[in-house]
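The values are calculated or read from the model by the stated rules, or taken from the named source; none is laboratory data. This one's a predicted model, so the numbers in the text were calculated from it and none came from an experiment. Every residue, glycine among them, receives a Cβ derived from its backbone with ideal geometry; neighbour counts consider all protein chains shown.
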Amino acid sequence: MRKSWVLCVLLGALAWGQAPASTPQAAQPAPPPEGSQMKAGAPGNAPAALPKPPAPADTSAQVPATAAVITVEGVCAAPKTAVAKGTAAKPATSAKPAASKTSSVDCKTVITKAEFEKLASALSPNVTPQMKRQLANILPQTIAMSDEAKKEGLDKKEPYLETLKFAKMQILRQQLDRKIREDAAKIPESAIDDYYQKNPEAFEQFNLERLFIPRTKQVQPESKEDQEKDAKLTDDEKKKKEEDEKAKAEAGELEMTKLADSLRDRAAKGEDFVTLQKDAYQAAGMKIESPTVSLPKVRRTGLPPAHTAVFDLKVGEVSQVISDNGGHYVYKVIGKEVLGLDQVKDEIRNKLQGERTKDAMEKVQNSFKPVLNEAYFGPMPPGGMQGPPPRRIPNPRVPPVPIPPAAGNPAPPPAQTPPAQSSDAKPN
């Protein structure tokens, strides 16, 4: 079996690696039995959802390595030429005339399991059965079209040769990226233990209670009659109303600040946080249900930076009021423990791996400096180089970017997902 088909398909490797997984179409409901009638609005008569068929058993491991897994009929594979000892191998071009005499009907290219898995593993280190199926779907067409392109002599033309040079550089870049990540993943156990011993605070886990007091009172929407009256106001009257509303809002903020201090004092005296939270929402005019006050299993990275003073409290102590743009907060430490090394070993390994990967990437990035001819490309835009980054296979280790919360009068953030802190936020 010749290996030229591997080179042909490698040029499409990036596109295959970036192609999103196909989304199966939603299953259509089965039609009702013949002669049956369904009444509108009667959910009990709705057709039952069909059970999901079981996934077929994976029998790929039972297929021998030498067995054919893909056969492309109509595309001739280059014939193998036996080379005697001490003789030079004939150039590949010598076999072309013989191959051209073969009828395309009798031609076929056979890819064994070993060859296919070697290619799949080269394209993706963590290849899945779904990815194998995707590759198997595009590989025959790629082989056939590349073979036809060679017959047209496109592999001798300059566009192909230039594209091939760039494709090789892209593939080498990906190989370097993979090697850096693989090397970074080789974390010795001694390094994990050393990091654990030197950073004990990072593995403290707290059981907290949190009281949230909104920064402002809930503004009640105007009635239709009030809106009609506002439409008839003069400019001076509108200005006066805006000033009154602003003064009212400022008075409301001051009232909620005083309330936060009052609730904090009550919390320090031992009052229940659930009751205090209900009082806070009632005073703020909030019509929604009070948030939970319990925050179990909170790490130091689970609260905003301005709130981290809470972790210096002893068990049973209540914090001072912490204020930011979202509102006012009061914490109480219910419990504290230090996680064992076995519980955080994977976490430390991932952290060290990320740091090692970042350091290695930065070393490569800092090893060169591009200089562009501005007479040709134009002046450098503000902020340095811009434009879309080179396309690459997504890294499955990188988590998705979290979506920021909507603006407005927010509810307290959930544990381990603190809201973004403003640069001018200061604790009281």
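Observations
- Test: residue in the range 292-299 that is assigned by TED's automatic domain parsing to the domain that holds Ala251, surrounded by 19 or more Cβ atoms within 10 Å (Cβ to Cβ) and under 18 Å from Phe203 (Cβ atoms): yes
- Tally, over the range 258-280, of residues that are closer than 19 Å to Pro291 by Cα and touching a strand residue (DSSP E or B) at 6+ places or on another chain (Cβ under 7 Å): 9
- For the range 183-205, a residue qualifies if it is surrounded by 12 or more Cβ atoms within 10 Å (Cβ to Cβ) and either of a type in the set (A, V, I, L, M, F, W, C) or part of a helix (DSSP H, G or I) (or both), and the qualifying residues are Asp183, Ala184, Ala185, Ile187, Ala191, Ile192, Asp193, Asp194, Tyr195, Tyr196, Ala202, Phe203.
- Tally, over the range 241-288, of residues that are outside any helix (DSSP H, G or I) and either touching a Ser or Thr at 6+ places or on another chain (Cβ under 7 Å) or not assigned by TED's automatic domain parsing to the domain that holds Glu209 (or both): 0
- Residue match in the range 302-310 (condition: touching a helix residue (DSSP H, G or I) at 6+ places or on another chain (Cβ under 8 Å), surrounded by 19 or more Cβ atoms within 10 Å (Cβ to Cβ) and in a loop (DSSP other than H, G, I, E, B)): yes
- Here Gln141 fulfils each of the conditions (1) at pLDDT 90 or above; (2) under 30 Å from Arg181 (Cβ atoms); (3) under 35 Å from the mean Cα position of the chain (by Cα) apart from (2).
- Among (1) over 30 Å from Glu253 (Cβ atoms); (2) acidic (Asp, Glu); (3) free of Cβ contacts under 8 Å to residues at least 12 places away in the same chain, the one test that Asp312 misses: (1)
- Criterion: under 40 Å from the mean Cα position of the chain (by Cα) and loosely packed, with under 12 Cβ neighbours inside 10 Å - qualifying residue of Gly335, Gly316: Gly316
- Test: Leu164 is surrounded by fewer than 16 Cβ atoms within 10 Å (Cβ to Cβ) and either within 30 Å of Gln277 (Cα to Cα) or aliphatic (A, V, I, L, M) (or both): yes
- Hits in the range 317-345 (condition: closer than 18 Å to Arg300 by Cβ and outside any strand (DSSP E or B)): Glu317, Ser319, Leu339, Gly340, Leu341, Gln343, Val344
- Odd one out for Leu233 among (1) under 30 Å from Leu303 (Cα atoms); (2) not in a helix (DSSP H, G or I): (1)
- Checked against the criteria, Pro414 does not count as more than 30 Å from Lys186 (Cβ to Cβ), outside the structural domain of Lys297 (by TED's automatic domain parsing) and either at pLDDT 95 or above or surrounded by 13 or more Cβ atoms within 10 Å (Cβ to Cβ) (or both).
- Residues located in the range 356-374, provided they are loosely packed, with under 11 Cβ neighbours inside 10 Å, within 27 Å of the chain's Cα centre (by Cα) and part of a helix (DSSP H, G or I): Glu362, Lys363, Gln365
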